[in-house]
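The values are calculated or read from the model by the stated rules, or taken from the named source; none is laboratory data. The structure displayed is predicted, hence computed values, not measured ones. Here Cβ is always computed from backbone atoms with ideal geometry, including for glycine, and neighbour counts include all displayed protein chains.
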Amino acid sequence: MKVLFAHQNMPGQFGHLAQALAREPGSTVLFATQRKDRELPGVGKLPYDPARAVTPGGHHYLRLMEAAVLNGQAVSRVMVALKDKGFEPDVIVGHPGWGETLFAKDIFPRSGLVAYCEFYFGADNGLVVGADTAPTLDQTLRIRIENAHLLLALDACDRGLSPTHWQRSRFPEPYHRKIDVVFDGVDTDRVRPDPGARFTLPGGRTLTVADEVITYVSRGLEPQRGFPQFARALPAVLKARPTAQVVIAGEDKPYYGARPAPDDSWRALVEREGVIDPGRVHFVDRLPYDRYVALLQVSSAHVYLTTPFVLSWSFFEAMAAGCLVVGSRTPPVLEVLQDGVNGLSTAFDDPRVIADDIVRALEHPGAAALRGAARATIVQRYSLAQCLPEQVEVLRRAAEAARR
């Protein structure tokens with residue numbers, strides 16, 4: 001099969017899939033991206049750059065749309081060059097959020113087009129749009145326009161891929177019929193329990209499974225992923241569990257939503273509040289992948305909090321590593337986590353309840369069974385072994401649909 005992927009931040013969600021396809025005999029896999037510094041074995045890279053930046057001072061409703069058009073235009077040039085060389089992909093796969101496949105069907109009308117349907121924004125959850133209150137009218141109107149290029153992508157694609165049923169549910173209902181729910185896949189051979197795991201803190205202390213370790217992982221430390229709520233729960237947890245250590249992995253900046261003030265961060269804010277014990281709460285920034293996995297493997301209780309938003313890879317990987325996950329009672333989490341079956345649920349925004357549930361996890365008599373069930377959930381439903389064949393089948397169906 002001849003496949004063209006497009007994602008500005010290669011490989012994005014497509015790393016495992018692109019490499020699996022590249023290993024198939026007779027296949028050709030290409031990847032259009034803005035990342036010049038990344039390679040995938042067996043995958044040809046096609047770098048592109050937008051012709052210019054988004055217009056300064058343009059209407060703020062249109063910034064995302066203009067960026068999408070610029071990306072789509074740049075990738076269309078890549079596609080035209082491929083077509084001139086006689087290359088026509090069987091299927092094109094891209095993340096419509098960046099606009100890269102906007103014009104794919106204009107260049108290759110007989111190629112299947114698969115859109116990765118990660119999230120469709122709505123004004124029904126203020127936290128998703130970066131506020132801690134209900135959205136303003138201006139935010140509501142802006143969101144409608146910012147979804148416009150997603151609607152164009154949905155209309156053009158032959159099939160869509162959404163990682164969870166809840167994420168698919170965010171998209172307009174008439175498009176659900178062409179969106180398949182298949183998760184990206186967890187490498188459960190690499191992310192697995194390891195009783196011999198060791199994680200060394202910045203100060204030199206090494207943690208093992210014999211220690212009581214509370215873990216929290218997020219790309220950025222922000223309210224949308226429950227960081228200040230978690231931090232404010234810690235004094236009660238550390239008082240109740242005098243030997244516990246807390247490890248927080250993530251960059252000291254928000255990726256979704258705003259800072260508490262222009263020159264401030266959520267970490268600095270909770271430190272000023274006095275809820276961080278520097279002797280027992282350890283910030284380790286973003287970690288290399290092997291160290292990140294080791295952190296999950298030594299975890300006694302792993303806390304995952306999120307607004308109704310995209311479900312993080314770290315949530316699935318924590319379960320694959322056999323963590324006892326304490327997850328927020330929000331819809332995307334509860335699609336996977338069953339309270340008392342493969343983890344424990346907690347409040348999203350109540351530090352008192354979060355503290356009680358972390359302590360409950362650390363004292364839970366059935367912790368081993370919960371850990372085992374967590375890993376079994378991922379192995380059976382969300383592993384690469386399960387997900388890759390399903391993803392490949394979606395691509396084949398898209399290619400067949402385009403040729404009809």
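Side notes on the structure shown:
- Meets criteria (aromatic (Phe, Trp, Tyr), at pLDDT below 95 and either surrounded by fewer than 22 Cβ atoms within 10 Å (Cβ to Cβ) or in a strand (DSSP E or B) (or both)) for Phe121: yes
- Filtered residue count, the range 36-51, keeping only those that are in contact with a Leu (Cβ under 7 Å, 6 or more places away or on another chain) and loosely packed, with under 11 Cβ neighbours inside 10 Å: 1
- Only a single item in (1) surrounded by 19 or more Cβ atoms within 10 Å (Cβ to Cβ); (2) touching a strand residue (DSSP E or B) at 6+ places or on another chain (Cβ under 7 Å); (3) over 30 Å from Phe5 (Cα atoms); (4) not basic (Lys, Arg) is not met by Tyr382, and it is number (3).
- Residue check, Asp187 surrounded by fewer than 18 Cβ atoms within 10 Å (Cβ to Cβ), under 27 Å from His95 (Cα atoms), in contact with a Ser or Thr (Cβ under 6 Å, 6 or more places away or on another chain) and not aromatic (Phe, Trp, Tyr): no
- Of the strands (runs of 3 or more DSSP E) lying entirely inside the range 166-211, the ones with 3 or more residues being farther than 30 Å from Tyr120 by Cα are found at 198-200, 206-208.
- Scanning the range 212-246 for residues that are in contact (Cβ under 8 Å) with a residue 40 or more places away in the chain and part of a loop (DSSP other than H, G, I, E, B) gives Glu212, Leu221, Glu222, Gly226, Arg241, Ala244.
- The range 138-187 - residue that is at pLDDT below 95 and among the β-branched types (Val, Ile, Thr) and, of those, farthest from Ile107 (Cα to Cα): Thr140
- Asn9 vs. criteria in the same structural domain as Leu141 (by TED's automatic domain parsing), modelled with pLDDT of 95 or more and out of contact with any strand residue (DSSP E or B) (no Cβ under 8 Å at 6 or more places or on another chain): no
- Which listed residue, of Thr306, Thr330, is crowded, with 20+ Cβ neighbours inside 10 Å, of a type outside the set (Asp, Glu) and out of contact with any helix residue (DSSP H, G or I) (no Cβ under 8 Å at 6 or more places or on another chain): Thr330
- Criterion (at negative phi, among the polar types (S, T, N, Q) and not assigned by TED's automatic domain parsing to the domain that holds Gln245) met by exactly one of Gln391, Gln297: Gln391
- Residue pairs whose Cβ atoms lie under 8 Å apart, separated by 6 or more positions or on different chains, with the first residue in the range 111-123 and under 19 Å from Thr307 (Cβ atoms) and the second crowded, with 22+ Cβ neighbours inside 10 Å and of a type in the set (S, T, N, Q), are Cys117/Ser162; Cys117/Gln167; Glu118/Ser162; Glu118/Gln167; Phe119/Gln167.
- Taking the range 298-404 as the region of interest, the helices (runs of 4 or more DSSP H) fully inside it that hold 3 or more residues being in contact with a Lys or Arg (Cβ under 8 Å, 6 or more places away or on another chain), aliphatic (A, V, I, L, M) and more than 25 Å from Phe199 (Cα to Cα) are 384-403.
- Residue within the range 325-343 that is more than 21 Å from the chain's Cα centre (by Cα) and aliphatic (A, V, I, L, M) present: yes
- Residue selected from the range 39-61 under the condition within 25 Å of the chain's Cα centre (by Cα) and in contact (Cβ under 8 Å) with a residue 24 or more places away in the chain, by the criterion nearest to Leu141 (Cα to Cα): Tyr61
- All positions within the range 247-296 that are among the small types (Gly, Ala, Ser) and either surrounded by fewer than 16 Cβ atoms within 10 Å (Cβ to Cβ) or out of contact with any strand residue (DSSP E or B) (no Cβ under 7 Å at 6 or more places or on another chain) (or both): Gly257, Ala258, Ala261, Ser265, Ala268, Gly274, Gly279
- Residues satisfying the stated conditions in the range 238-267, i.e. in contact with a Pro (Cβ under 8 Å, 6 or more places away or on another chain) and among the hydrophobic types (A, V, I, L, M, F, W, C): Trp266
A quick yes/no check of all residues on (1) of a type in the set (S, T, N, Q); (2) within 23 Å of Ile378 (Cβ to Cβ); (3) surrounded by fewer than 16 Cβ atoms within 10 Å (Cβ to Cβ); (4) outside the structural domain of Val392 (by TED's automatic domain parsing):
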residue: Ala153; (1), (2), (3), (4): no, no, no, no
residue: Ser162; (1), (2), (3), (4): yes, yes, no, no
residue: Tyr175; (1), (2), (3), (4): no, no, no, no
residue: Ile179; (1), (2), (3), (4): no, yes, no, no
residue: Pro193; (1), (2), (3), (4): no, yes, no, yes
residue: Val213; (1), (2), (3), (4): no, yes, no, yes
residue: Leu221; (1), (2), (3), (4): no, no, no, yes
residue: Ala233; (1), (2), (3), (4): no, no, no, yes
residue: Gln245; (1), (2), (3), (4): yes, no, no, yes
